[in-house]
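Each value in this text was obtained by applying a stated rule to the coordinates, not by laboratory testing. Since the model is a prediction, treat every value here as computed from it, not as a measurement. Ideal geometry is used to build each Cβ from the backbone, glycine not excepted, and the neighbour counts take in all protein chains shown.
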């Protein structure tokens, strides 16, 4: 079977995105060696895309940086949420000893107040992280 320009045009998106198999890549490159007009159009298109988006490796570096930043933000958001829930529940904790069950809120009101203050601060941090994550699109 003869490979036509239409077949190569169908394969170009995979080829240009570096997602084609080795056999497909060889097929397209062989066809481009024999069709200088199409080869020139592809080279001009690559130059235009590189100009708009920077070098191809810079695009991949940007993707990796964005992925790492997203992971860090989600990890931080989860950590802050856990700490906010924990400090919110501390005033309602109890202890049990020979005298019976005692509430922290009654036994040590300053500790409970401090826990509530920390919880309020952590909830504020969490809501700000959540708002900025939504603004960033994740």
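What's the angle, to the nearest 10 degrees (0 to 90), between helix 109-136's Cα axis and the longest principal axis of the chain?
Value to nearest ten degrees: 20.
Stretched out fully, how many nm does the piece from residue 130 to residue 26 gain, at 0.36 nm a residue minus the Cα gap? Mind showing how you got there, number by number?
Details: separation 104, 0.36 × 104 = 37.44 nm, distance 4.71 nm.
Roughly 32.7 nm would be gained on extension.
State, to one decimal in nm, how far the label point of residue 97 lies from the label point of residue 76, with both points 7 Å from Cα in the Cβ direction.
Taking the two extended label points, one gets 4.1 nm.
Under a point spin-label approximation (7 Å from Cα along Cα-to-Cβ), what is the residue 65-residue 35 distance to one decimal in nm?
Those two pseudo-labels are separated by 3.7 nm.
Quickly work out the residue 16-to-residue 89 label distance, labels modelled 7 Å from Cα along the C-beta direction, and quote it in nm with one decimal.
My value for the distance between the label points is 5.4 nm.
Could you give me the percent of Cα pairs per 10 Å distance bin for the chain, shortest bin first, beginning at zero and ending with the bin that holds the maximum distance?
Bin by bin from 0 Å, the calculated values are 10, 22, 16, 13, 12, 10, 9, 6, 2, 0.
Over region 64-136, one equal point on each Cα, no solvent: what is log10 I(q)/I(0) by the Debye formula at q = 0.16 Å⁻¹?
-0.64
Just 67, 12, 79 to compare: in a GNM of the chain, with alpha carbon springs under 10 Å, which one fluctuates most?
Greatest mean-square fluctuation among the candidates belongs to 12.
Roughly what angle does helix 5-16 make with the longest principal axis of the chain, taking Cα atoms, 0 to 90 degrees, to the nearest 10?
Compared with the principal axis, the helix lies near 30 degrees.
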